[in-house]
Amino acid sequence: MFDKILIANRGEIACRVIKTARRMGIKTVAVYSDADKDALHVEMADEAVHIGPPAAAESYLVIDKIIEACKRTGAQAVHPGYGFLSEREAFAEALKANGIVFIGPNQRAIAAMGDKIESKKFANAAKVSTVPGFLGVIESPEHAVRIADEIGYPVMIKASAGGGGKGMRIANIRADVAEGFTRAKSEAMSSFGDDRVFIEKFIVNPRHIEIQILGDKHGNVIYLGERECSIQRRNQKVIEEAPSPLLDEETRRAMGEQAVALAKAVDYDSAGTVEFVAGQDKSFYFLEMNTRLQVEHPVTELITGVDLVEQMIRVAAGEPLAIKQSDVHLKGWAVESRIYAEDPTRGFLPSTGRLVKYRPPAEGHADGVTVRNDTGVFEGGEISIWYDPMIAKLVTHAGDRAEAIAAQARALDEFVIDGIRHNIAFLSALMQHPRWKEARLSTGFIAEEFPEGFSPLGAEGERAHVLACVAAAIDHVLNERKRLISGQLRTQHAVAFERNRCVMLDKRRHDVTLDDGDGALLVRFGDESGHAHRISSQWAPGDAVWRGTLDDEQIAVQVRPILNGFQLAHAGVSVEARVYTQREAELAALMPEKVPADTSRTLLCPMPGLVKAILVSEGQEVQAGEALAMVEAMKMENVLRAERNVTVTKITAREGDSLPVDAVIMEFA
């Protein structure tokens, strides 16, 4: 076994590998760029080596610097994590040439599975299901019909040189094929100057399901069940779960055995993932193989009890697998949410800055539920513009899917992040979504359910009652506290606060009556026939999360103080809450509303980022849709365009400036 390993990565995956290595008694070496000198993975490792400037191309992606760090520290092996150099054949070869072990698969497997055409050839040879199709020359509409009949409907007719949806037609029945073939060829020629098309099976409402495999250097390969990753946004996974609610045991075994067959075909000898696209009828077809550890590996670890990082290290050290296929049993259900530094209400633009508050839910196991938080950040740390915007992966495990989802929803409600924008409200809304709860999933889920983007859920119905009760309970605690403040209430008798209150959630009014009820607070709504909600909590002023029970159900609500009230966040809802007496409510209704500033004549920076280019000049007239500036953050370039015809009167930002969100870039007339 190795005495010391180097992790050629950063952030949460570097911290994740360090935890397992530490448990195994293996010393660790971190590498870091200028931007990561104070990062958590640097603090956690036994040693750390500086490898260059913030840009990954000048630090984390430079193979020679990683090898030099190994030589300086005596690291015998390198774990690449995921991303960066993890699937770079040249990296594995360079390590081998320098006598350093790569904690991952052999170079042949990396090369074979990294090429899409080659990987499909291996898949076909290993009798793995691939999407049925015809890649040869289609001679005529009649030929196209014969091919489609053989493949089975529906089929996709695609331009060989296509892109952007041009030269693409779906034929659901035989009668659609000839017309679709003709139109696709015509579009292909006019768009790309190439009228070649091919036909393949079209998977309706596809789902993304992947099989975790594990192999050693002695020819042993097993599969560890599947993960469903259908909840995606622009092909980026957002929520993963294991097992998949689609599969039965027979389909799981068939997918697992095909994944193992493919792995054996390339002599695979580490942890890896074979990805499939699946139909709602449980049909499945090979998509690709990832020759590395996946971001979503924790859900597999929780349902199998297998530490995949440990197995990767042991396999790399030459040990045979101690786990047989018959030893693999899936227990319970696990759900993972990816928490990103991004603003869902602004098209998921990345957000950077300091983590003023970072209070994740408590990790551990209690009452049949496990909460795990894989992260690489800390309170007071910086979210940089240089790297992926992932903050953490929040994972919950319970006895069944409904319990795991409920646990995930509670954990998200307890996850406090301040200082930057983040996607927790979006994730919480997904957990509440009926279609998600009913497992009616497809890779188009987010696009179909949020076609106009994400807006926070409104405080309506049951959600409004929950938040109104919590607001009333918080106000009650604050009033009780006022009684105890020396010198504030000069009277010989206890002050009797008015029990009839008005809770304002944003602009919606909820009249309630409060009563004491044997250690709890009873809240009655004016629109109900005497029913009292029983609410209880140990919340104290200053606590960022209100935890307690409402009608015997455990809930958590985030609490942030605002002027004359507090901001409450729960289950994807965020509202300003203010609690008044009846008279205060009457007076508050007379107060003038604050009108937002008019920003229609300015171009604001939509996210914290670096100004890469100013594309206009002062005095220039621009048309609607014309590019004005380019801002970059977290490997993402955003071109900012004019929304209407305007004249640029003043440019306040310069190329190279680092701007906060909503900073003025230019002004218009």
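Determine if region 429-438 includes at least one residue that is in contact (Cβ under 8 Å) with a residue 12 or more places away in the chain, basic (K, R) and surrounded by fewer than 18 Cβ atoms within 10 Å (Cβ to Cβ). There is at least one residue in region 429-438 that is in contact (Cβ under 8 Å) with a residue 12 or more places away in the chain, basic (K, R) and surrounded by fewer than 18 Cβ atoms within 10 Å (Cβ to Cβ).
For region 541-558: of the residues being among the hydrophobic types (A, V, I, L, M, F, W, C) and closer than 19 Å to V523 by Cα, which is surrounded by the most Cβ atoms within 10 Å (Cβ to Cβ)? This residue is V557.
Among the aliphatic types (A, V, I, L, M) and farther than 18 Å from W333 by Cβ - does that describe any residue in region 223-245? Within region 223-245, not a single residue is among the aliphatic types (A, V, I, L, M) and farther than 18 Å from W333 by Cβ.
Looking only at residues in region 1-28 that are without any contact (Cβ under 8 Å) to a residue 60 or more places away in the chain and buried (at least 23 other Cβ atoms within 10 Å of the Cβ), the one that is nearest to L394 (Cα to Cα) is I18.
Evaluate the following for W333: is it modelled with pLDDT under 95 and either on the phi > 0 side of the Ramachandran plot or of a type in the set (F, W, Y) (or both)? Answer is no for this residue.
Going by the structure shown, is P206 out of contact with any helix residue (DSSP H, G or I) (no Cβ under 8 Å at 6 or more places or on another chain), at pLDDT 90 or above and within 30 Å of A109 (Cβ to Cβ)?
For P206, the condition - out of contact with any helix residue (DSSP H, G or I) (no Cβ under 8 Å at 6 or more places or on another chain), at pLDDT 90 or above and within 30 Å of A109 (Cβ to Cβ) - is met.
If you check N423, N479 for being farther than 30 Å from S244 by Cβ and either polar (S, T, N, Q) or in contact with a Gly (Cβ under 6 Å, 6 or more places away or on another chain) (or both), only one passes: N479.
Taken together, L615, L603, L640, L610 contain a single residue that is touching a residue at least 60 places away in the same chain (Cβ under 8 Å) and more than 23 Å from R354 (Cβ to Cβ), which is L603. Of the strands (runs of 3 or more DSSP E) lying entirely inside region 298-406, those containing at least 1 residues that are over 15 Å from G11 (Cβ atoms) and touching a helix residue (DSSP H, G or I) at 6+ places or on another chain (Cβ under 6 Å) are 333-340, 369-375, 390-398.
Criterion first (more than 27 Å from the chain's Cα centre (by Cα) and at pLDDT below 95) does K166 satisfy it?
Answer is yes for this residue.
Within region 572-591, work out how many residues are over 24 Å from the mean Cα position of the chain (by Cα) and not in a strand (DSSP E or B). So the answer is 10. Report yes if A75 is over 26 Å from G99 (Cβ atoms), buried (at least 22 other Cβ atoms within 10 Å of the Cβ) and in contact with a strand residue (DSSP E or B) (Cβ under 7 Å, 6 or more places away or on another chain), otherwise no. In short, no. If the condition is being in a loop (DSSP other than H, G, I, E, B) and either among the aliphatic types (A, V, I, L, M) or closer than 18 Å to L349 by Cα (or both), then region 622-642 contributes A624, M634, K635, A642.
Look at (1) among the charged types (D, E, K, R); (2) within 28 Å of E301 (Cα to Cα); (3) in contact (Cβ under 8 Å) with a residue 40 or more places away in the chain and you find that D38 fails only one, number (2). Checked against the criterion of being in contact (Cβ under 8 Å) with a residue 60 or more places away in the chain, within 28 Å of the chain's Cα centre (by Cα) and over 24 Å from Q236 (Cα atoms), the candidates P105, P132 yield just one match: P105.
Within region 544-571, residues that are in a strand (DSSP E or B) sit with their Cβ atoms under 8 Å from residues that are among the polar types (S, T, N, Q) and loosely packed, with under 12 Cβ neighbours inside 10 Å, at 6+ positions apart or across chains, in these pairs: R547/Q538; R547/Q554; G548/Q538; G548/Q554.
The values are calculated or read from the model by the stated rules, or taken from the named source; none is laboratory data. It should be emphasised that the depicted structure is a prediction, and the values quoted were computed from it without experimental measurement. Note that each Cβ is placed from the backbone with ideal geometry, even for glycine, and that neighbours are counted across all protein chains shown.
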